[in-house]
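**Student:** Below are the structure tokens for one structure; questions will follow.
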Amino acid sequence: MNDPKIAFIGAGNMAASLIGGMRAQGVAASAIRASDHGAEQRARITAEHGIETFAANADAVAGADVIVLAVKPQVMKGVCQELAEHLEAGQLIVSVAAGITCASLENWLGPRAVVRCMPNTPALLRQGVSGLYANTRVSDEQRQQAERLLGAVGLVMWLDEERLIDAVTAVSGSGPAYFFLLIEAMTAAGEKLGLPRETAAQLAEHTALGAARMAVSSDVDAAELRRRVTSPAGTTEAAIKTFQAGGFETLVEQALNAAARRSAELAEQLGQ
Ligand SMILES: NC(=O)c1ccc[n+]([C@@H]2O[C@H](COP(=O)([O-])OP(=O)(O)OC[C@H]3O[C@@H](n4cnc5c(N)ncnc54)[C@H](OP(=O)(O)O)[C@@H]3O)[C@@H](O)[C@H]2O)c1
């Protein structure tokens, strides 16, 4: 398969990560271009990745196979309305914007093959995970193109229903912040137990990293891993029992429900 020509609309953090990921996987710089209204962003992305950039979004999409919408959700409607008349038949639209539905994109762009993605911030380190949903106009080849694109910055999970993007947002989209919160809380508690703050922070951070690596590489689930490190009447059991007595699992469920509800509300507002 020849490299499809990919045009990024918006050359900020997410576009830079995706472009860096693709370049690291051997995609030619000549197959990628980007537009951004900021001269500084254009200069940075050209310097870092050697790709051509444009000030006008319409210039970037001419002749592209895949158009990646990587602007903030709040400006997406205007960007799409301005792009609509410049799109060509057969182009795939990939949106990484939180809270913008396929229906909204098709309202603004006309009927189109659209893949809606929910990546997360560790994509910046190519350690992300993304949920992807394709509308019915997307061909198998276009699905592969979208998978290769998001796969350049982490794991890709396809969803059969678009509404599940709200659940993905709740679990992995907002998820890095939950782990940061746990690291913060463990650091503060470690400090209260007498550790220097920096030591407590490093212990908490590296424990999160090591535990995540164990969970990802193990062939048993997290519950079993936890059981294996929890000896009866031991220190871990004392902590886990305290978490559970405080309603930890219920609290996590409530938090994720709140995130999913907010994701659906934002999609409603941004689609207007
Ligand atoms: N960063 C993440 O980890 C992450 C995770 C999940 C999803 N996303 C999604 O990815 C999208 C981009 O996020 P980001 O963090 O990369 O944002 P960002 O760094 O602000 O990048 C967006 C870029 O688009 C430019 N822009 C704004 N209006 C434009 C227009 N009309 N035409 C062309 N370019 C325009 C912005 O310029 P100015 O700054 O000058 O306005 C900026 O350079 C968002 O929709 C977000 O929901 C990001």
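**Student:** Tell me, what is the Rg over Rh of region 46-111, with Rh the Kirkwood radius over Cα pairs?
**Tutor:** Rg/Rh: 0.96.
**Student:** Mind listing the phi-derived Karplus ³J(HN,Hα) values for region 238-245, rounded to whole Hz, using 6.51, -1.76 and 1.60 with θ = phi - 60°, and x for any glycine or proline?
**Tutor:** Karplus-based 3J(HN,Hα) across region 238-245 equals 4, 6, 4, 4, 5, 4, 6, 5 Hz.
**Student:** Per residue, how much space in cubic angstrom lies within the convex hull of the C-alpha atoms of region 142-202?
**Tutor:** In region 142-202, the Cα hull volume divided by residue count equals 87 Å³.
**Student:** Which longest run of the chain has no exposed loop site in it, a site being GluC sites (Glu not before Pro) in a DSSP loop with at most 13 other beta carbons within 10 Å, and the site itself not part of the run?
**Tutor:** Here the longest segment lacking exposed loop sites spans 162-272.
**Student:** So, one more: Amide H to amide H, which residues 5 or more places from A113 or on other chains are under 5 Å from it, using H placed in the peptide plane?
**Tutor:** I93
**Student:** Report ³J(HN,Hα) in whole Hz for each residue of region 14-31, in order, from the Karplus equation J = 6.51 cos²θ - 1.76 cosθ + 1.60 where θ = phi - 60°; Gly and Pro get x.
**Tutor:** For region 14-31, the Karplus curve yields 5, 4, 4, 5, 5, 5, x, x, 5, 4, 5, 8, x, 6, 5, 4, 5, 8 Hz.
**Student:** At a Förster distance of 45 Å, what's the computed FRET efficiency of F243 paired with A47, Cβ-Cβ distance as r, to 0.05?
**Tutor:** 0.40
**Student:** Multiply the residue gap between Y178 and A89 by 0.36 nm, knock off their C-alpha separation, and tell me the result in nm, one decimal place.
**Tutor:** 27.9 nm
**Student:** For the chain, what is the convex hull volume of the alpha-carbon atoms per residue, in Å³?
**Tutor:** 153
**Student:** Quick one: net charge around A201, please, counting Lys, Arg +1 and Asp, Glu -1 for every other residue with C-beta under 12 Å from its C-beta.
**Tutor:** Taking every other residue near A201 into account, the sum is -3.
**Student:** Another one. What is the spin-label model distance, in nm, from T136 to D3 if the labels are put 7 Å beyond Cα along the C-beta direction?
**Tutor:** Those two pseudo-labels are separated by 3.5 nm.
**Student:** Rounded to the nearest 500, what is the chain's calculated 222 nm mean residue ellipticity when only DSSP H runs of at least 4 contribute -39500 (n - 2.57) each, over all residues?
**Tutor:** -16500 deg cm²/dmol
**Student:** If you don't mind, another one. Give me the percent relative contact order of the chain, please, defined on Cα pairs under 8 angstrom at least 6 residues apart.
**Tutor:** 15
**Student:** How far is the Cα center of region 26-105 from the Cα center of region 243-272, in Å?
**Tutor:** Using only Cα atoms, the two centres lie 31 Å from each other.
**Student:** Then there is this: Can you compute log10 of I(q)/I(0) for region 173-267 with the Debye formula, treating each Cα as one identical point scatterer, at q = 0.21 Å⁻¹?
**Tutor:** -1.33
**Student:** Any chance you could list P(r) for region 68-202, counting all Cα-Cα pairs in 10 angstrom bins from zero, rounded to whole %?
**Tutor:** Once binned at 10 Å, the Cα pair distances of region 68-202 give 12, 36, 27, 12, 9, 4, 0.
**Student:** Turning to a different aspect of this structure: So, R0 is 45 Å and r is the distance between the beta-carbons of Q269 and T199; what FRET efficiency does that work out to, to 0.05?
**Tutor:** Calculated transfer efficiency: 0.55.
**Student:** May I pose another question? Going by Cα centres, region 141-159 and region 182-200 are how many Å apart?
**Tutor:** 38
**Student:** Turning to a different aspect of this structure: Once you place label points 7 Å from the Cα toward the Cβ at A103 and A212, how far apart are they in nm?
**Tutor:** Using points 7 Å along Cα→Cβ, the separation is 3.4 nm.
**Student:** Over region 6-165, what is the mean sequence separation of C-alpha contacts under 8 Å (at least six apart), divided by residue count, expressed as relative contact order in percent?
**Tutor:** 20
Read-outs: derived from the displayed coordinates by stated rules, not from any lab. This is a predicted model, so every value here is computed, not measured. Methodologically, a virtual Cβ is constructed for each residue, glycine included, from the backbone with ideal geometry; neighbour enumeration extends over all protein chains shown.
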